[in-house]
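Following: one structure in structure tokens, then a few remarks.
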Amino acid sequence: MYLAAEHFVRAPEWTWLILAYFFFAGLSGGCYALGALLRLAGRPGDEKAARVAFLLAFPLIIVCPILLTVDLGQPARFWHMLIDSAGGDLNFKYWSPMSLGVWALGAYSVFAFISFAEALVAPVRALLAGFLGRLVVIVGGVLGLFVCAYTGVLLSVSNQPVWSDGWPLGGLFLASALSGAAAVLLIASRYRPEMAPTMGRIADADRYFVVLEAVLIAVFLVTVAAAGTLGKLFGAVGILLWLVVLAGLAVPILAHSRQRPLSPALTSIVVLAGVLALRAVVIFGPQS
Amino acid sequence: MAVKRAGFFTDTSICIGCKACEVACKEWNGLQGNPPDVLLDSYDNTGQLDAENWRHVKFIEHMPASTNQVNQPTSVAGGQAWLMMSDVCKHCQHASCMDVCPTNAIVRTEFDTVYIQQEVCNGCRNCIAACPYDVIGFSQATGTAHKCTLCYDRLQNDLTPACAKACPTQSITFGDVDHLHQLADARLLALQKQGYTKAELYGRDDKVYGGLNNFFLLMDKPEVYGLPNADNAVLPGRNNLPGYLGGLVTGAVALVAGLVAFRRRGESPPPPESAPVPVGVGPSESPAAAEAEAPPPAPPPEHRRRLGRRP
């Protein structure tokens with residue numbers, strides 16, 4: 001039986017490891033970007049929250065290359081992503097999101113490490129005071145945002161149903177990652193009281209990110225529906241996952257509107273579950 | 001018999017479904033094949049192209065709406081109810097797999113064919129996501145992607161690829177693509193004169209992925225054979241620009257949203273650093289949290305405007 005649709009393709013079997021990679025890369029990039037924003041545009045009292053964001057961004061990103069390498073059919077050849085094993089030249093294909101993403105991930109990891117060290121070690125902090133420090137944070141922040149977004153573009157640049165039908169995936173994953181990163185910082189604030197002055201405004205930002213994410217989900221679903229592949233996102237498991245996504249969007253808004261606010265930890269866990277569920281439904285739905 | 005642009009012209013109108021091409025391919029390339037599978041009542045017992053099947057004879061048991069022609073087989077009805085097609089990698093001029101491959105394992109050879117270098121491929125499977133023909137398969141045994149090489153080793157020794165050599169009806173003709181185009185044009189003309197109005201060439205011109213080195217004469221629309229038609233034959237790279245632009249716009253909007261939130265004045269006075277952990281997501285805006293926070297002295301406006309100033 002052959003379907004009269006445009007997609008005559010096979011799933012690449014990107015599953016749990018890739019889901020975990022998308023999740024952690026998004027949270028790391030989002031944490032770094034929020035840390036950069038807090039440092040560059042926040043109040044003086046926000047610096048401590050910025051440092052916590054940088055302290056979280058690096059550990060979150062170092063698991064990512066491990067996940068990606070293990071997912072390869074030939075893990076020992078991971079370096080082929082960077083270097084042409086036949087000629088010894090660098091492999092850089094800007095038109096291939098996977099190639100571009102590997103380079104961006106590497107570059108971002110360097111900046112994440114520098115800011116991690118700066119947040120942890122006083123002499124490094126002294127070294128990076130002033131213009132150089134700001135430059136590091138700006139470049140790292142841009143790379144962090146790119147790492148959040150490119151994973152969506154990577155899926156879009158294929159011929160798979162849903163993925164290639166939904167060009168807004170890059171923006172959607174970015175908005176979702178920022179929301180997740182805000183949730184991570186809110187959880188961290190339970191253990192780092194010095195972040196308290198900033199948490200109210202991070203929760204404010206989270207609500208903006210959630211609204212942005214909701215808009216992009218709507219645009220994404222419209223593009224997928226227009227291509228006639230919406231059904232792949234709404235199987236039995238898919239519907240359950242969408243409910244979790246919906247909860248992740250709704251809870252920050254509801255928590256804010258209640259007279260007696262919800263626990264920030266509970267709110268954040270629901271948001272993170274939504275971030276994970278969104279990636280799960282997008283990754284697994286079209287491949288099932 | 002060295003060729004400049006190697007390819008196959010597969011004439012599906014004379015394919016008899018004998019699968020000699022599949023067998024020859026497996027024998028020459030040392031492919032083990034998959035465990036036997038039952039595909040209902042179809043004569044197709046291969047199922048698909050994958051790492052172990054680089055040739056696949058598709059059996060399209062397609063009954064036309066008009067039962068008159070089915071019940072009264074004639075030369076006109078032939079090729080409508082039961083279509084057969086020996087499928088293979090198309091060796092596209094604009095190859096989706098080659099575009100996205102991050103390791104440059106997929107290259108174009110001196111014979112103008114698309115080839116996966118096994119010693120370079122690291123098994124990322126990006127090519128599988130990109131191939132619009134469901135051609136490339138991943139081998140658990142080698143941890144790499146596999147597909148038809150157009151018998152690269154045989155081409156290097158001026159030999160005809162195994163499948164074309166074995167085809168008893170010359171449904172698969174190997175040769176230089178320019179020469180094959182001439183053969184195909186003549187065959188199409190002959191079929192049209194005989195009344196096969198649905199016959200068409202697929203991949204002969206550049207409307208489908210810039211032209212296919214392995215192109216086909218079909219007896220029905222491409223989608224009937226599981227092939228994207230010219231309108232749907234699109235490259236993965238089409239989503240690069242809109243994808244990144246969407247990310248850029250989202251990033252800009254998120255940046256503004258973050259700035260608005262982080263630089264908000266008045267309603268979110270920061271508590272002293274020793275204040276207890278807030279109990280709500282919006283501690284500064286909730287009555288309970290506001291009580292918990294000791295309001296600090298309001299910083300002067302010029303102090304708040306200093307960007308990047310750290311304590």
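Bridgeable lysines around residue B:19 (alpha carbons under 27 Å apart, same-chain partners fewer than 8 residues away excluded): B:58, B:90, B:147, B:165, B:198, B:221.
Using a simple spin-label model with pseudo-atoms 7 Å out from Cα toward Cβ, residue A:95 and residue B:230 lie 2.2 nm apart.
In this rough spin-label picture, where each label sits 7 Å from Cα along the Cβ direction, the residue A:288-residue A:266 distance is 2.9 nm. Modelled spin labels at residue B:142 and residue A:62, positioned 7 Å past Cα toward Cβ, are 3.7 nm from each other. Among B:110, A:194, sorting on how many other beta-carbon atoms sit within 10 Å of each Cβ, with the fewest leading, yields B:110, A:194. To the nearest 0.05, how large is the calculated FRET efficiency for residue A:250 and residue A:226 if R₀ is 30 Å and r is the Cβ-Cβ distance? Given R0 = 30 Å and the Cβ-Cβ separation, E is 0.70. A straight chain from residue B:159 to residue B:45 at 0.36 nm per residue would run longer than the Cα-Cα distance by 38.2 nm. Applying 1/(1 + (r/R0)^6) with R0 = 60 Å to the Cβ-Cβ distance of residue B:192 and residue A:215 gives a FRET efficiency near 0.70. Placing +1 on the Cβ of every Lys and Arg and -1 on the Cβ of every Asp and Glu, with nothing else charged, gives chain A a dipole about its Cα centre of roughly 700 debye.
With Cα atoms defining each centre, the range A:270-288 and the range B:91-159 are spaced 31 Å apart in the structure.
Where a number appears in this text, it was derived from the coordinates with a stated rule and is not lab data. Quick caveat, the model's predicted, so the values are computed rather than measured. Because the Cβ atoms are built from the backbone with ideal geometry, glycine has one as well, and the counts that use them run over all protein chains shown.
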